[in-house]
Structures are given as C-alpha cells and as structure tokens.
Amino acid sequence: MKHRPDQIELPSYKHQSPEVAARFDEINRRPVVMTVGGVGRVFESPQGSVTALRDIAFEVRQREFISVIGPSGCGKSTLIRIVSGLETCTTGAVLIDGKPVLGPGPDRGMVFQAYTLFPWLTVKANVMFGPNMKGVPKAQAEARADEWLRVVGLTRFADHYPNQLSGGMKQRVAIARALANEPRILLMDEPFGALDAQTRASMQAHLLEICASVDITILFITHDLDEAIYLSDRIVVLGAHPGRVLEVIEVPVPHPRSVDQFLSGPFLATKARLEELIHHRAGGDESAAA
C-alpha cells in the first residue's frame, strides 16, 4: 500500500477522540504487569565497550498490547531477550508483578520469528509440552491444549505434525504453546516477519481476536510501522546507537481495529510521526523526542 501522508492535511497524532481517550483512561487504571526500569546493556568487544541499550524505561499494564519499533541496530531483540531472561542487563532491572527478572520463567511466554516447534510431536503434543514439563496432570494438560487450539482455530489439526502445516498455522501453534503455560505476559519477537503478506495480515487479525477474548498482556517487537499501529495500544520508539527511548506513543486509532483504518487520519498521522522519529534520527541524534 502506497500513500503520501505529507500530501494531505493530517490531524495531530496526539489528538484522541473521546472513545480513544476513554480507552486509555481505562487502561491506565489497570495494574502494572511489567516495569522496564532504566535498562542498559553494554557488550565488551576487542575494540572496546559497545552500548546497545541505554536507560530504557516504560511500563506495561494488564491486557495492554505494546509494540517496540526502531531502526536496525537499536536493540529491539536485545531488549526482549532481557525481558525474557535469556540475557542480563548491565544496568537497571525488569520487574514482573514487582519481582525482578533473574532468568527465564513461566510468567513469560516467548514466540520467535522461527516457529521452534518439535517436529516429532503432533500439534496437540507441542501445545501440551509446557504443561507436561510443569507437572500438570495429563487430563488437565490435554484440556488446556484443546482450549488453546480452539482459540487459535486449529482444533481439527490437533493430530497433524508441523511439517503438514503452513507457515501461518505453525506460528499459531507456537502462540498456543506459549499461552498454554498461562504466562502473565507474552513476548513476541517479530513473529510474523517470515510470513508472506497475505498470511501476515491474517495472523495480525487473528492476534487481535485473541487479545479481545483472552486475558493476556503482549510485548511485541516489529520493524513494520503499519503492523505496530494496527495491533498496539502504545508504541515504544527506540533510537539507535545506543538504543534509547525516543517517545512512547498512545495509538489514537479506535478499537475494534480493521484494515479499513489504514488510510484513516489517525493512522496516517501516527505513521508519519513514526517515520519522522525513526528515519530522521537514524543518523545518531542523541536527543529524545519531546
């Protein structure tokens, strides 16, 4: 889809309709699930220290969908790996329900761009893997798997193997497997990046349906501006070299979301602001957005 936001008069991306403002008032009354508090990450190399992230700070509230975007090299994947517990931060801390993240844990589910399914297990057995490892009784694990397969629309494929599924279906299994562990927050690192455009659009719509029906909080990494606006309540925009927060944007596009909104004023205004932040600051401007 091609459009030129600079050729039409757009509303301010900060302007919220009464409906959108009421939604954010409600979100801001929810409890905080995750706090990213002054997180920094420094890597040592033969050439010296490299600061990948500097003073990253934001909060995520219950059932909120937050995307993190930024130019290549801004540390998006490093950040989500720190949140998942797969990497440690050099400074600051990540808190889940007020408790510091010290490593991977069942309170966080992770969905990667690669499907990471066990090819020797059926779809249902893949979804049951986490509950089984946690010692959940078999009947309860099966019931949980059946419910999540219903949620992601794959009930009739329960006995299939991953090599019998399309890319989008494999990713739905990966989402169901993560959710079957009943995490507090679902971490998604560019989960649709390897999909074709049509399948990606279908998966985005399906994820919105899941968010509307399931009590889950999502932190979503993407480089796709349209995807971030379409899915998110708020967008954390990172600048590069080092990665730092330029702005946290409350998306002014009302719910329920639809592809028809891609050419709406609020959507285009938000996209124009994201392009300004990412492209105009990719050269290393150290200043933060107002």
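Taking strands (runs of 3 or more DSSP E) that do not extend beyond the stretch 1-88, which have at least 3 residues that are more than 24 Å from VAL111 (Cβ to Cβ)?
32-45, 48-61
Scan the stretch 111-137 and report the pairs whose first residue is farther than 15 Å from VAL173 by Cα and whose second residue is part of a helix (DSSP H, G or I) and at pLDDT 90 or above, with Cβ atoms within less than 6 Å and a gap of 6+ or a chain change.
Here the result reads ASN132/ALA141, each pair linking the stretch 111-137 to a residue that is part of a helix (DSSP H, G or I) and at pLDDT 90 or above.
With PRO11, PRO18, PRO31 as the choices, which residue is closer than 22 Å to ILE185 by Cα and in the same structural domain as PRO100 (by TED's automatic domain parsing)? It would help to see each step written out before you state the result.
Values: PRO11 fails: closer than 22 Å to ILE185 by Cα; PRO18 fails: closer than 22 Å to ILE185 by Cα.
It is PRO31.
Run PRO131 past the list (1) part of a loop (DSSP other than H, G, I, E, B); (2) on the phi < 0 side of the Ramachandran plot; (3) more than 21 Å from the chain's Cα centre (by Cα) and report the number of the one that doesn't hold.
(1)
In this structure, does GLN171 turn out to be under 20 Å from LEU231 (Cα atoms) and modelled with pLDDT under 95? Working first, answer last.
Values: under 20 Å from LEU231 (Cα atoms): yes; modelled with pLDDT under 95: yes.
So GLN171 fits the description; yes.
Suppose we filter ARG61, ARG54, ARG41 for residues that are touching a Cys at 6+ places or on another chain (Cβ under 6 Å), modelled with pLDDT of 95 or more and not hydroxyl-bearing (Ser, Thr, Tyr); which single one remains?
On the way: ARG61 fails: touching a Cys at 6+ places or on another chain (Cβ under 6 Å); ARG54 fails: touching a Cys at 6+ places or on another chain (Cβ under 6 Å).
Only one candidate passes the filter, namely ARG41.
Please state which of the following conditions VAL39 fails to meet, knowing it meets all the rest: (1) of a type outside the set (D, E, K, R); (2) under 19 Å from GLU190 (Cβ atoms); (3) surrounded by 21 or more Cβ atoms within 10 Å (Cβ to Cβ).
It is condition (2) that VAL39 fails.
Can you name the residue in the stretch 107-129 that is of a type outside the set (Phe, Trp, Tyr) and in contact with a strand residue (DSSP E or B) (Cβ under 8 Å, 6 or more places away or on another chain) and, of all such residues, is farthest from VAL83 (Cα to Cα)?
To start, the set of residues in the stretch 107-129 that are of a type outside the set (Phe, Trp, Tyr) comprises 107-111, 113-114, 116-117, 119, 121-128.
In the following step, the residues that additionally are in contact with a strand residue (DSSP E or B) (Cβ under 8 Å, 6 or more places away or on another chain) were identified as 107-111, 113.
Details: ASP107: 11, ARG108: 9, GLY109: 11, MET110: 10, VAL111: 13, GLN113: 17 Å.
Looking at the filtered set, the residue picked out is GLN113.
The values are calculated or read from the model by the stated rules, or taken from the named source; none is laboratory data. Not measured: the values here are computed from a predicted model. All Cβ positions, even for glycine, are placed from backbone atoms using ideal geometry, and neighbour counts span all protein chains on display.
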